[in-house]
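Here the structure comes first, spelled out in structure tokens, and everything after it is commentary.
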Amino acid sequence: QVQLVESGGGLVQAGGSLRLSCAASESILSISRMGWYRQAPGNPREVVAFISTRGITFHAESVKGRFTISRDIAKNTVYLAMNSLRPDDTAVYYCYALWQLTDYWGQGTQVIVSS
């Protein structure tokens, strides 16, 4: 199994920045895909960004140009730098990993963007 530990959520004003971290218990080079989803109240969970083993990244259109996913291989950690935050970015953000054909999820971290 892969354990995912998230940190970095919180309350921020619109236009501000936050950085989320997700530390994995396995080498992230063994994880096929790792990234972030989010879920706002009353909405389905949606993909935000992910990074593959090869370092190829994907960002959802809604966050492109504002959020950036990156990784530190030595620390087995993936980051999500979130800039120019908007109130509609408010959600619980979940770290996600696809490892050996199985999905793993973190416990979620709350991000609240006030207007």
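The values are calculated or read from the model by the stated rules, or taken from the named source; none is laboratory data. Here the structure is a predicted model, which means the values were calculated and not measured. All Cβ positions, even for glycine, are placed from backbone atoms using ideal geometry, and neighbour counts span all protein chains on display. Just the protein is used for accessible areas: all its heavy atoms, side chains included, with ligands, DNA and RNA removed. Shrake-Rupley method; radii C 1.70, N 1.55, O 1.52, S 1.80 Å.
The table that follows gives values for the structure above.
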{"read-out": "Qualifying positions in region 56-72 - open to solvent by less than 70 Å² (accessible area, probe 1.4 Å) and either at pLDDT below 95 or not in a strand (DSSP E or B) (or both)", "value": "ALA60, SER62, VAL63, ARG66"}
{"read-out": "Selection from region 73-90 of residues that are in a strand (DSSP E or B) and either surrounded by fewer than 20 Cβ atoms within 10 Å (Cβ to Cβ) or at positive phi (or both)", "value": "THR77, TYR79, ALA81"}
{"read-out": "Flag for VAL47 being part of a loop (DSSP other than H, G, I, E, B) and of a type in the set (Val, Ile, Thr)", "value": "no"}
